[in-house]
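Take a look at the structure set out below.
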Amino acid sequence: MDILLTTINAKYPHASFGLRYLLANLGSLRGQATMLEFDLNHRSVDMVEAILAREPRIVGIGVYIWNIAHATQLVADLKRVRPDLTLILGGPEVSYETDQQEIIRLADYTITGEADLAFAQLCEQLLRGEKPLTKVIEAPLPTMEDVALPYHEYDDRDVAHRVIYVEASRGCPFKCEFCLSSLDIPVRNVPLDAFLGEIRTLLERGVRQFKFVDRTFNLNLSIGKRILAFFLEHYAAGLFLHFEMIPDRLPEGLRELIRQFPPGALQFEVGIQTFNDEVSDRISRRQDNAKLEDNLRWLRSETGVHVHSDLIVGLPGEDVASFGRGFDRLVSLKPQEIQVGMLKRLRGTPIVRHDEEWGMVYSPTPPYEILATKAIDFTTMQRMRRFARYWDMVANSGNFLRTTALIWEVQGPRAKGQGTEEPSPFAGFQRFAEWLHERATTTHGIALTNLVQYLFTYLTQELSLDPHSVAPVLLEDYQRGNRSDVPPFLREYLRQDAGENVRPTSKGPRRQARHLA
């Protein structure tokens, strides 16, 4: 093959959507091209061997925040072994600050922006023996009518074992300064009839789980309604649809369709990021928190949607107290998952304009996470990092749905002026997170049975809860994932028949299924 397209995915199930777009748009060169995907578990030397075995003349490499270090080594090794091989880079990580990156210096060419059409044009030029005038090539923004859809590039193995990514639009109308999508203006819609025709074919091939990568699924209400109506019309058992949604935009026309989906069929990723209005204004984020709250309450009370929400730690000027109030506010709205993310300084984003005023200090290595701000020092930021990891491990995992609330329900009320208010989930879980870190000394690789024991010890010894009340709750949570064994340290606090009737899990992705079981 003359052209080989490759990238390093985070994990095997995460198929590269971008590579498939490039393949689909090669035109007459498609027969001279192939694709080879790796993941972060592959060694550079093994990737080099596999690439060179195909004897390509041109290698296109997709570069992202999660693979930049591995991709840099891959490019360096390829150039050492085969200096005559033409290497072309593309992807969001190499689309900005191009003069500062070693990988761009090592490669022959870099295409910045959306390379769907520009990659094919460059390959045609190179195969004719012509060389571009510049090393870094800025791709013109393509119109979606000119871009061939990539869904036939998913093979049968992808359909059987991988996440199927799809998109009905590109771009975002908002200008949140921490997000690369804020640079993708204007929003462009994929021709809807052609798109739904491709989705129908995927359904006929057996695909049941679709992840929409659109940044604003519910921006265009007529398109959103038509997509939902399509999936209702073609509904099949096991269907699972993931959408990112604008949190304060959910009119009755969409609600009427959402109500009709069975529990677990829809997952909405709701990016909230902060409830602090002053911080939102500072980072150019527009959000109506009252409408947001109304929409989340409606989703949780009247639909079977699995709600995945997001908050960010370390935004300019937001301290821990403000984040904690926002976290408690979000917990009260009862989304199934709250993803606590650390702010990242993504290349090209205007968040850097706050660095001096708000003392923003980021790691210089991927994923460029915040280390400290004027409002949160490094030591406190580390505590927040542990909080985020343990929250994901305990609450978001779905393994401890009933147990999680026990961690803060007995903390006692917080003082507020002369009165009191409900216990703080943030304060309660933060206390648990620090206790757990002192004993486990790690935030990764804690076996589930060990985590159950840590929770039991914390609840019964640190919080003085009755072990005979805690044990049945922990066992119910433990067995929610269709496990039938009983952890030995719980047995003396359980009835003799406890654990005999294991509850079946719901169908769908495991994590969501545990929340619905």
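The values are calculated or read from the model by the stated rules, or taken from the named source; none is laboratory data. None of these values were measured; they are calculated from a predicted model. All Cβ positions, even for glycine, are placed from backbone atoms using ideal geometry, and neighbour counts span all protein chains on display. Note: accessible area is taken over every heavy atom of the protein model, side chains too, but ligands, DNA and RNA are not part of it. Shrake-Rupley method; radii C 1.70, N 1.55, O 1.52, S 1.80 Å.
So in region 49-74, with the set limited to residues that are within 24 Å of Leu117 (Cα to Cα) and small (Gly, Ala, Ser), which one is surrounded by the fewest Cβ atoms within 10 Å (Cβ to Cβ)? Checked region 49-74; the qualifying residue surrounded by the fewest Cβ atoms within 10 Å (Cβ to Cβ) is Gly62. When His70 is tested against the conditions (1) of a type outside the set (A, V, I, L, M, F, W, C); (2) over 29 Å from the mean Cα position of the chain (by Cα); (3) more than 21 Å from Gln125 (Cβ to Cβ), the lone failure is (2). Remark: pairs (first residue in region 96-109, in contact (Cβ under 8 Å) with a residue 40 or more places away in the chain; second residue assigned to a helix (DSSP H, G or I) and open to solvent by less than 30 Å² (accessible area, probe 1.4 Å); Cβ separation under 8 Å; 6+ apart in sequence or on different chains) = Ile103/Ile68; Ile103/Ala71; Ile103/Val75; Ile103/Val94; Ala107/Val75. Just to check your reading of the model, which residue among Thr7, Thr34 is of a type in the set (S, T, N, Q), outside any helix (DSSP H, G or I) and open to solvent by less than 10 Å² (accessible area, probe 1.4 Å)? After ruling out the rest, the residue left standing is Thr7. Within region 99-108, being within 29 Å of the chain's Cα centre (by Cα), at pLDDT 95 or above and of a type outside the set (Asp, Glu) holds for Gln101, Ile103, Ile104, Ala107. If only residues of region 399-420 that are open to solvent by 60 Å² or more (accessible area, probe 1.4 Å) and within 15 Å of Val331 (Cα to Cα) are counted, the one that is modelled with the lowest pLDDT is Glu409.
Listed conditions (1) in a loop (DSSP other than H, G, I, E, B); (2) at pLDDT below 95 are all met by Leu254, apart from (1).
A Cβ distance below 7 Å, combined with a sequence gap of six or more or placement on separate chains, defines the contacts here; from region 272-294, residues that are over 19 Å from Pro173 (Cα atoms) reach residues that are in a helix (DSSP H, G or I) and open to solvent by less than 60 Å² (accessible area, probe 1.4 Å) in the pairs Phe275/Asn289; Phe275/Gly326; Asn276/Ser322; Asn276/Gly326.
Remark: Ser284 falls outside the filter, which requires a residue to be in a helix (DSSP H, G or I) and surrounded by fewer than 21 Cβ atoms within 10 Å (Cβ to Cβ).
Does any residue of region 82-90 turn out to be surrounded by fewer than 23 Cβ atoms within 10 Å (Cβ to Cβ), part of a loop (DSSP other than H, G, I, E, B) and basic (Lys, Arg)? There is at least one residue in region 82-90 that is surrounded by fewer than 23 Cβ atoms within 10 Å (Cβ to Cβ), part of a loop (DSSP other than H, G, I, E, B) and basic (Lys, Arg).
Could you say whether any residue in region 428-439 is of a type in the set (Gly, Ala, Ser) and modelled with pLDDT of 95 or more? Yes, there is a match, as at least one residue in region 428-439 is of a type in the set (Gly, Ala, Ser) and modelled with pLDDT of 95 or more. Cβ separations smaller than 8 Å between residues 6+ apart or across chains give the following pairs from region 223-244 residues that are within 12 Å of Pro262 (Cβ to Cβ) to residues that are open to solvent by 10 Å² or more (accessible area, probe 1.4 Å) and assigned to a helix (DSSP H, G or I): Leu232/Leu257; Ala236/Leu203; Phe240/Gln512. For the residues Ala71, Ala53, Ala24, Ala15, the requirement of being touching a Pro at 6+ places or on another chain (Cβ under 6 Å), closer than 29 Å to His161 by Cβ and not acidic (Asp, Glu) singles out Ala24. Quick test for you: out of Ile68, Ile61, pick the one residue that is closer than 30 Å to Gln209 by Cβ, in contact with a Ser or Thr (Cβ under 8 Å, 6 or more places away or on another chain) and not aromatic (Phe, Trp, Tyr). Among Ile68, Ile61, only Ile61 is closer than 30 Å to Gln209 by Cβ, in contact with a Ser or Thr (Cβ under 8 Å, 6 or more places away or on another chain) and not aromatic (Phe, Trp, Tyr). Within region 328-359, the set of residues being more than 19 Å from the chain's Cα centre (by Cα), open to solvent by less than 20 Å² (accessible area, probe 1.4 Å) and under 20 Å from Asp281 (Cβ atoms) comprises Ile351, His354. For Lys225, the conditions (1) open to solvent by 30 Å² or more (accessible area, probe 1.4 Å); (2) under 30 Å from His354 (Cβ atoms); (3) touching a helix residue (DSSP H, G or I) at 6+ places or on another chain (Cβ under 9 Å) all hold with the exception of (2). On the given criteria, is Asp77 part of a helix (DSSP H, G or I) and open to solvent by 40 Å² or more (accessible area, probe 1.4 Å)? No: the conditions fail for Asp77.
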